[in-house]
């Protein structure tokens, strides 16, 4: 009895139970903060919008058969959109991570959850890191950056062609502006493509950044860039283009659902223009929705005067491709030990 009592006394007087309680409290606190920020972001854009009632009425008005089939097709393409992003990211982490497709799928959803309320989707990196193996966090961040560059290349490539086509059709630019814009855009894309397929050149360049010595520990993870082969980068870029066209197709189908009379070619050119302009503004998806709505009103104003239907299409795309996946991602974040994933637990116990 005395031994048992002494053991009980030593357990409760050990710092480890207290640390465990603090660890659990921190873990739940971070999850609660993420949930609150997500709820705020969705409430602000889905329920607190000035035209929320009008947008809902537009959905109800067009929610009839066979028009409903357009919306069903958009919803069915949403998992494909996420799957293509998962395949792209998995292609880039294969060299240091053994995550399967389902784990990368959950990581992408978790990244969407945090990205929805962070500037320029930087939270996407943190959400994905939660699912990679211990010690591979910074490599996963770098892989995500490479994937973002691939997606940017797809967006800018299609955006340049679509933007020029749309401008010639509707805006009537000065004759000299078109060749100048195409030349500058092509040159910029050329530099990006060269950088992407020679991504290892970023390692020596990064080491020349002033005061970078302070981040030596993180900088050593850049060596992962030396292990990317052009074949792997090409596959990732292929997934990026497929994802772009999937997303653009969803947008075009929503235009059809809401009765915006845009022919396919002009519609895809208009979508490319909208994405191109929005990509130049570093905003979180919540604010990006507002910016995209303003751009959409201008672009689709050449086809219809019904502003509510235009905004409804943009709003529906946000809900289907960002808001709903963000809610699903929160479910997976709740299941993760965040404190352990970010390395705080190991630092405290060492």
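A short reminder: the numbers here are calculations on the coordinates, not readings from a lab. Everything numeric here is computed off the predicted structure, so don't read it as measured data. Note that each Cβ is placed from the backbone with ideal geometry, even for glycine, and that neighbours are counted across all protein chains shown.
When the Cα centres of the stretch 73-118 and the stretch 148-170 are compared, how far apart do they sit, in Å? Taking the Cα centre of each part, the stretch 73-118 and the stretch 148-170 sit 24 Å apart. Here the mean projected area of the convex hull built on the C-alpha positions of the stretch 13-137 is 11.4 nm².
Counting beta carbons within 10 Å around each of 62, 307 and listing the fewest first gives the order 307, 62. For the stretch 21-349, taking Cα atoms only, Rg and Dmax work out to 21.0, 69 Å respectively.
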